[in-house]
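Peer 1: Following this message is one structure expressed as structure tokens.
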Amino acid sequence: LAELSDDDLRAHVAAELARTRRRSAELTDAVDDEDLVTQHSPLMSPLVWDLAHVGSQEELWLVRDVGGAEAIRPDIDDLYDAFQHARADRPQLPLLGPTEAREYVGTVREKVFDVLERTPLEGRRLVDQGFAFGMIVQHEQQHDETMLATHQLRKGPPALAAEPPPSDVDVLPPEVFVPGGPFTMGTSTEPWALDNERPAHQVHVADFYLDTTPVTNGQYLAFIDAGGYDDPRWWSEAGWAYRQRADLRAPRFWQRDGDRWLRRRFGHLEPVPEAEPVVHVSFFEAEAYAAWAGKRLPTEQEWEKAARFDPATGRSRRYPWGDDDPRPEHANLGQRHLQPAPAGAYRAGAAPCGARQLIGDVWEWTSSDFLPYPGFAAFPYREYSEVFFGSEYKVLRGGSFGTDRAACRGTFRNWDFPIRRQIFAGFRCARTPRAEELG
Ligand code: AVJ
Ligand code: FE
């Protein structure tokens, strides 16, 4: 992006907006109108809310703010302000119906293409208007992943279909070693990086070992079979309280079938695939598994160093494989496959340290609270990140099969409550070297 001419950048933005809208349309056209207005879980909005919310944010930022044009539907700003109404309360609001919502997002988009035509995009610094388009593309993609999670929660026959992910895997050592030393974390140059990824800053990370791949269902089953859910030794105090209160026994969407486990996945009931990364576990379950395995979760500093640091040049790259935008051979992204690929896949996506599948497949819980980097400045609005900073939220890294490439990179930070399980989250473990392993 950094090298594109103004016209090429404009064409790129237009293509990304169109590609993103096709995904939103697929997710909302896959079910009937009754389903679109149904709340499938108190954790989620009805799909029709997400659709109109995406349009409303696009109207606010691109039509009114960047374009300086007149408001299209000022009367509905409040309905689609995520801070005004909790998800659980949204179905009771006088929302736009499916037909109105589709018309509305279409009207906004037509205006946005006018704005794009006449907006200079040159100089892509944080404050430039090109960023606003990138932010809106990412915002819609983030809601597309949220809508995919809503699809996973809905009951009934399958509504979505996709090719299975690649199944060719390599036999790999279980852990990789990342030598201690400084590296550059975050970014000041990535054009569409959000405020919480900025600025670039030096961080010292001590020697550590990281699991080569995310923890698999097979490994996680061993924790279940060893009584991990019944042993408070492995759980933090808050984690154990949650485990008791919610009566957790396995990842969300798993069910017992005699002596085996099945999982429900977008309307299919299937045996739990042991080679695939575990998904739909909370931070607290990830933390308990790691303790049981004699390990811990990585900090987000460790995760990012493993994913970006190139010891050959001393530079931090955009992605584990280098600076190229993700292609299908690098990572399982973009809802191309509706499940993670088996651990050990995606050889072309390996990081310099040898770790695999850091980008795509499953979001990875880290042990870190969601906090600002030194020098953080809220942009363009406090409610994107700043109001969430603190110890209530844990950072997740790397994106999932449901995350679009436009909304995922080596610096991207996601966050959620440590009890959440409906997101496409798994984890990998890290550990500090034992005394006898040090040279
Ligand atoms: C970054 C995924 C936590 O969905 O709450 C969407 C993204 N912000 N609309 C969320 C977001 C505003 C956000 N996460
Ligand atoms: Fe939003």
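Rule-based calculations on the coordinates, nothing more; no lab input. Treat the numbers as computed from the prediction; the structure is a model and nothing was measured. Every residue, glycine as well, gets a Cβ built from its backbone with ideal geometry; the counts of neighbours run over all protein chains shown.
Peer 1: When the residues of the stretch 383-416 are filtered to those that are within 19 Å of residue 427 (Cβ to Cβ) and aromatic (Phe, Trp, Tyr), which remaining residue is farthest from ligand 1 (Cβ to nearest atom)?
Peer 2: 401
Peer 1: Please count how many residues of the stretch 70-109 are over 27 Å from residue 388 (Cβ atoms) and among the charged types (D, E, K, R).
Peer 2: Residues meeting the conditions: 7.
Peer 1: Need the failing condition index for residue 155 against (1) outside any loop (DSSP other than H, G, I, E, B); (2) surrounded by fewer than 21 Cβ atoms within 10 Å (Cβ to Cβ), just the number.
Peer 2: All conditions are met except number (1).
Conditions tested, residue by residue: (1) among the acidic types (Asp, Glu); (2) surrounded by 14 or more Cβ atoms within 10 Å (Cβ to Cβ); (3) touching an Asp or Glu at 6+ places or on another chain (Cβ under 9 Å).
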{"position": "31", "(1), (2), (3)": "no, yes, no"}
{"position": "40", "(1), (2), (3)": "no, yes, no"}
{"position": "48", "(1), (2), (3)": "no, yes, yes"}
{"position": "54", "(1), (2), (3)": "no, yes, yes"}
{"position": "65", "(1), (2), (3)": "yes, yes, no"}
{"position": "85", "(1), (2), (3)": "no, yes, yes"}
{"position": "91", "(1), (2), (3)": "no, yes, no"}
{"position": "101", "(1), (2), (3)": "no, yes, no"}
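Peer 1: Another question about this same structure. Give, as residue ranges, the strands (runs of 3 or more DSSP E) completely inside the stretch 202-282 that count at least 3 residues that are in contact with a strand residue (DSSP E or B) (Cβ under 7 Å, 6 or more places away or on another chain) and surrounded by fewer than 16 Cβ atoms within 10 Å (Cβ to Cβ). Walk me through how you get there before you give the answer.
Peer 2: Numbers: elements: 208-211, 254-257, 260-265, 268-271.
Counting at least 3 such residues, we get 268-271.
Peer 1: Considering 436, 383, which residue is among the charged types (D, E, K, R) and away from ligand 2 (no atom under 16 Å from the Cβ)? Steps first, please.
Peer 2: On the way: 383 fails: away from ligand 2 (no atom under 16 Å from the Cβ).
Selected residue: 436, the only one of 436, 383 that is among the charged types (D, E, K, R) and away from ligand 2 (no atom under 16 Å from the Cβ).
Peer 1: Let me ask something additional. Counting only residues that are surrounded by fewer than 24 Cβ atoms within 10 Å (Cβ to Cβ) and away from ligand 2 (no atom under 16 Å from the Cβ), which one in the stretch 401-410 is farthest from residue 17 (Cα to Cα)?
Peer 2: Here the residue is 409.
Peer 1: Ok, one more. Check the stretch 381-396 and report whether any residue there is touching a Cys at 6+ places or on another chain (Cβ under 7 Å), touching a residue at least 40 places away in the same chain (Cβ under 8 Å) and closer than 17 Å to residue 306 by Cβ.
Peer 2: So far as the stretch 381-396 goes, no, none of its residues is touching a Cys at 6+ places or on another chain (Cβ under 7 Å), touching a residue at least 40 places away in the same chain (Cβ under 8 Å) and closer than 17 Å to residue 306 by Cβ.
Peer 1: Helices (runs of 4 or more DSSP H) wholly in the stretch 1-82 with at least 2 residues that are without any contact (Cβ under 8 Å) to a residue 60 or more places away in the chain and within 14 Å of ligand 2 (Cβ to nearest atom) - which ones?
Peer 2: Once the helices (runs of 4 or more DSSP H) in the stretch 1-82 are filtered for at least 2 residues that are without any contact (Cβ under 8 Å) to a residue 60 or more places away in the chain and within 14 Å of ligand 2 (Cβ to nearest atom), what remains is 47-58.
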